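Worksheet for the structure shown next.
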Amino acid sequence: MSVLSEKVITRDWERPNQNTLAGYKANGGYKAAMKALELPPAAITDEVKKSQLRGRGGAGFPTGLKWSFVPSLEKNPKPRYLAINADESEPGTAKDRFILEKDPHLLLEGIAIACYALGAHTCYIYSRGEFKYPSAVLDKAIAEATADGIFGKKLLGRDFELNVYQVRGAGAYICGEETALLESLEGKKGWPRLKPPFPAVVGLFGCPTVVNNVETIASLPRIFEKGAEWFSKLGFGKSGGTRLVTVSGAVNRPGTYEVAMDTSLRELIYDAAYGQGLPEGRTVKACIPGGSSAPVLTGDELDVKLEFDAFKPLQSMAGSGGVMVMDDTACMVRCLWRVSRFYAEESCGQCTPCREGQPWMARILRKIEEGRGERGDLDTLLGVAAAVAPWPPIGLGTTICALGDAGALPVQSFVTKFREDFEQHIRLRRCPKGDKPWGVFGDFK
Amino acid sequence: MSEDKKPAEAPRPPPGPPPPKNPGFITFTVDGKEVVAKPGTNLIDAAKTVGADIPYYCYHPRLTIAANCRMCLVESSAVQPGKLVPACQIPPTEGVVIKTTTERVRTQQKMVMEFLLLNHPVDCAICDQAGECKLQDYYMRHDFQPSRLEGGKVLRHKRKVLGDTVVLDQERCIMCTRCVRFMSEVAKAPQLGVFGRGSHEVIDVAPEYGKLESNYSGNIVDLCPVGALLNRDFRFRARAWFLSAAPSVCTGCSRGCSTVADFMGQDVYRYRPRENEAINKSWLCDQGRLSYKSLNTHRVPQAVLGRGADAKEAPAAEAIKYAAMKLQPLLGSVAFLASPVASNEDLLASFAFARDVLKTSTVYVGGRADGQADFLLMQADKNPNRRGLEWIARAFGLTVQPFDALTKALDAGLVKALFALGHEVPEADDAWAARTEKLELFVLSATNESKATGPAHVVLPAATHVEDEGTFTQADGITQRFRRAFPPRGEARPHWRWVAELAKELGNDLAVASSREVFKKLAPAVPELASFEWDKQAPVNQTRPGISTMAAAADGRPPGWREQGVPNLRGLSIP
């Protein structure tokens, strides 16, 4: 059992008035930023590289490396931007919203450090349209920090202008994709851009832009408070620090927890500090490890560490940390149909395979779940999914952005790993779980 | 074994990018064949040079890359195996190996075709695009299986009128966004957009515009690879496969856009733009697009002798005799009004006639009045051949006088007799008719009937440019050939032929039997036209200059083969 030696993000969440500037400063707030701003910008980036901080949005890309892709001012004299991706809409994930609600100044302090390192004088926080309360808290925090002179003409008293704005989305899942987010920030339709060029070279308004997740940036103050080595040692393998994961589904204590990188999925589900196990007599049938777009794992594959690289052998991904547990009373077809409907609804419609393929997959799944399935349907389903994004391995998608993969990988992994359940539906011409396809509720602790 | 004995080599520096095989160019492989292309060449275009036909919908060489149809996915050695890349988006790099015909690529093309047809109504039977539809073409080539979709399709607006020229069938749309990109990038009128999301999204006019209003909106119909955007003028008028196509030139203004005149029988059904990098790129304005209508309607079918109540139709031979008899006593005092709407061949012959037979040293220039110009193609000068007219007049030693000079002379009574080409003059028809009413003799060779043809003593029916071979010289001095689509209507003959026959009747045989002979005989005297190789202008879709004087139909067969094989179809008579 790995023990979380020190909390990083959630350390001060329970302290009183943590989401106000006064409360944050009382707990030593903005001191890390003061410390970081002593360093030259390049040294900050080096420090972030040393800390092995990796993007918490889903792909796990090393943050310091991402920053270093921004061309130097001699090469590209355009202004730089930092865009914070707070459009947390992956089903099963609820971590960024708690940072915004409970500790918004942690994010703002991180923004101060990141913008100074990048030479960005403007930062946009793109928050999810449905985040009504979190964005109100964040707006207040930005106003407080600006009034206090932290942001504005002089960042923390230094000769560096930094303005932070919050922009609220309109409720599209696709705007969590970084280039669609930039399009949306520019006031356009949220359609992902073609890559290359990547946002670090041509981003917001055609200028070099770094897009980072809320949790990634919120880790920065701790890195500069206690040092990159400390952060790196907290982690495991090539992933530094800790991560926030959200456990939902058939566990006794669902919620958002900060875990060490070497915590295994099994520990997360069964440990007293986290999920506290399943109701009496139930076993884990399936577990989605990183938001609904991650390929599903079976109950036998739970001994995998929650580190970013550990999921590669299983052809899955750590994603955004949305762990969804399904026990043996749940109907796999119904679960997949629900996932598939989400992606059919949220496909932006730009490129063909995703626009037409996702609704088609959802239709076939509905047909099977409602007992109208036929023998060839599973092959058609797999064929359609493979035309959107073949699996395994991850990353062969034929679409412009990863939304195609996000919809096709669950389909292929569910059908491959739980083929018997699907065939049973077709054989019986009905759902074997009867009128309780979502599983049995009511006897949790 | 020999490898074991090799001495250990010093560690090499990490390999950089390989030096280019052909400096200044990019060399790569497509389907096992080596391609040498200029840097920046699109992979789809480059692959065509070695015969690899990568299918695509959204790509257009004159628009930005959208890469949203995903039809052009190919395998590339530059990415991980199993990954497909869009050929339109990924620029070829030195040494890369592209495969366009592997099993993986074929499967994907088949699936993308099935995806595109999922919500497509497949109403080809009532679709105007049928026969020239990329969905049909690629279905036969890449899919060719029934759809596996069960249940209904997404229903959308079936006949959405976007503007005066275009109607949209949203169900047929495959969301390639070519039209959206064209309107914002080329037409500079970003009026179209994509509305909605996912499989329910539609193309529509942005609400703040309400209606598609641009002089270039007709081009989105040509750009549309399927039958979603249709031209309201052409809609439901002909099946594409019954039309033949003749390379032609738009006569709407002095830009001289290259066009294809689609015709059936002796009717032109539409103009389409023909690729011409120097003049019109791939575009055509809506005014020019509709200018074909005068080729079909209000034509002068037969010669008319006498004016007012005495007017009677007469056969061509009688008209020649009559006109010659009338002109004979007045030779030397007949004014000559030339038209910059006529072709170079017409002008060559008629200027020779004016100089040698009419014995005049001045030509007045009629034609159309100036109109509006715009930022892209449309010119203020609405006459297709003013430049050619000026060149030929100068070479023939004729003084060019503006139309105003002629009206002044007419009003002062200095001009008693007039020989005119073309019915169009840069003033109101009524005013012109009142002026010419006073003339003792007015001989007019005209394509169309108008108020201006009324006062003429002799109206000779002239052929339009689609009814004869010839050349126009546009505003920038580029001379272009146009080709004969079908024989002239009724008794119509080209201007040059009327003039040549009149000259013969008046004792000065030009000895020409075709517009080619007119050009060969008279153009060498014009320095600007002397080097123009009339015979060697490449026909459309043929890179090697051919000698064929026949226009080629879209299917490669000679134009009008259906009609001319059946002589009495649609009242057609073969001369």
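Here are the numbers for this structure:
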| read-out | value |
| --- | --- |
| Subset of region B:522-538 [free of Cβ contacts under 8 Å to residues at least 12 places away in the same chain and surrounded by 12 or more Cβ atoms within 10 Å (Cβ to Cβ)] | B:Pro524, B:Ala538 |
| Verdict on B:Thr399 being out of contact with any Leu (no Cβ under 6 Å at 6 or more places or on another chain), β-branched (Val, Ile, Thr) and surrounded by 19 or more Cβ atoms within 10 Å (Cβ to Cβ) | no |
| Candidates A:Glu301, A:Glu369, A:Glu280, A:Glu346, filtered to the one that is surrounded by fewer than 24 Cβ atoms within 10 Å (Cβ to Cβ), closer than 30 Å to A:Thr216 by Cα, more than 14 Å from chain B (Cβ to nearest Cβ) and not aliphatic (A, V, I, L, M) | A:Glu301 |
| Number of positions in region B:85-106 that are at the interface with another protein chain (Cβ under 9 Å from one of its Cβ atoms) and among the polar types (S, T, N, Q) | 1 |
| Set B:Val154, B:Val96, B:Val122: member being β-branched (Val, Ile, Thr), surrounded by fewer than 22 Cβ atoms within 10 Å (Cβ to Cβ) and more than 25 Å from B:Ser199 (Cβ to Cβ) | B:Val96 |
| Any hit, region A:382-394, residues being surrounded by 19 or more Cβ atoms within 10 Å (Cβ to Cβ), facing chain B (nearest Cβ under 8 Å) and β-branched (Val, Ile, Thr) | yes |
| Selected residue (only one of B:Val161, B:Val180, B:Val186, B:Val202 is over 30 Å from B:Gln266 (Cβ atoms), touching a residue at least 24 places away in the same chain (Cβ under 8 Å) and within 14 Å of chain A (Cβ to nearest Cβ)) | B:Val202 |
| Single residue of region B:324-378 satisfying the filter (in contact with an Asp or Glu (Cβ under 8 Å, 6 or more places away or on another chain) and in a helix (DSSP H, G or I)) that is farthest from B:Gly507 (Cα to Cα) | B:Glu345 |
| Residue pairs meeting the criteria (Cβ under 7 Å; at least 6 apart or on separate chains; first farther than 19 Å from A:Phe418 by Cβ and in the same structural domain as A:Glu420 (by TED's automatic domain parsing), in region A:378-397; second part of a loop (DSSP other than H, G, I, E, B) and basic (Lys, Arg)) | A:Leu396/B:Lys83 |
| Selection count where residues are closer than 25 Å to A:Ala117 by Cα and either touching a His at 6+ places or on another chain (Cβ under 7 Å) or surrounded by 23 or more Cβ atoms within 10 Å (Cβ to Cβ) (or both), scope region A:164-176 | 2 |
| Selected residue (criterion: farthest from the chain's Cα centre (by Cα)) from residues of region B:160-218 that are of a type in the set (Phe, Trp, Tyr) and closer than 22 Å to B:Phe234 by Cα | B:Phe182 |
| Selection count where residues are among the hydroxyl-bearing types (Ser, Thr, Tyr) and within 30 Å of A:Asp300 (Cα to Cα), scope region A:325-357 | 3 |
| Failed condition for B:Gly82, given (1) away from every other protein chain (no Cβ under 11 Å); (2) assigned to a loop (DSSP other than H, G, I, E, B); (3) closer than 22 Å to A:Cys351 by Cβ; (4) not basic (Lys, Arg) | (1) |
| Test: residue in region A:352-366 that is over 27 Å from the mean Cα position of the chain (by Cα) and either aliphatic (A, V, I, L, M) or under 30 Å from B:Ala87 (Cα atoms) (or both) | yes |
| Residue selected from region A:389-422 under the condition closer than 16 Å to B:Gln108 by Cβ and hydroxyl-bearing (Ser, Thr, Tyr), by the criterion nearest to the chain's Cα centre (by Cα) | A:Thr399 |
| Residue among A:Tyr116, A:Tyr81 that is of a type in the set (Ser, Thr, Tyr) and over 20 Å from A:Cys175 (Cα atoms) | A:Tyr116 |
| Strands (runs of 3 or more DSSP E) fully within region A:191-292 counting 2 or more residues that are over 17 Å from the mean Cα position of the chain (by Cα) | A:284-288 |
| Residues of region B:27-79 satisfying the condition of being away from chain A (no Cβ under 14 Å), among the β-branched types (Val, Ile, Thr), in a loop (DSSP other than H, G, I, E, B) and out of contact with any helix residue (DSSP H, G or I) (no Cβ under 6 Å at 6 or more places or on another chain) | B:Thr41, B:Thr49, B:Val50 |
| Residue list for region A:1-28, filter: at pLDDT 90 or above and hydroxyl-bearing (Ser, Thr, Tyr) | A:Thr10, A:Thr20, A:Tyr24 |
| Neighbours by Cβ (under 8 Å, 6+ apart or cross-chain): first from region B:78-94, under 16 Å from B:Lys48 (Cα atoms); second of a type in the set (D, E, K, R) and buried (at least 17 other Cβ atoms within 10 Å of the Cβ) | B:Pro86/B:Arg70 |
| Test: residue in region B:233-255 that is closer than 22 Å to A:Gln350 by Cα and outside any loop (DSSP other than H, G, I, E, B) | no |
| Boolean, B:Val458 is farther than 30 Å from B:Ile279 by Cβ, surrounded by 24 or more Cβ atoms within 10 Å (Cβ to Cβ) and touching a Lys or Arg at 6+ places or on another chain (Cβ under 9 Å) | yes |
| All positions within region B:95-108 that are in contact (Cβ under 8 Å) with a residue 40 or more places away in the chain and part of a loop (DSSP other than H, G, I, E, B) | B:Gly95, B:Val96, B:Thr100, B:Thr101 |
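The values are calculated or read from the model by the stated rules, or taken from the named source; none is laboratory data. The shown structure was predicted, so the numbers you read here are calculated from the model rather than taken from an experiment. No Cβ is skipped: glycine too gets one built from the backbone with ideal geometry, and neighbour counts run over all protein chains shown.
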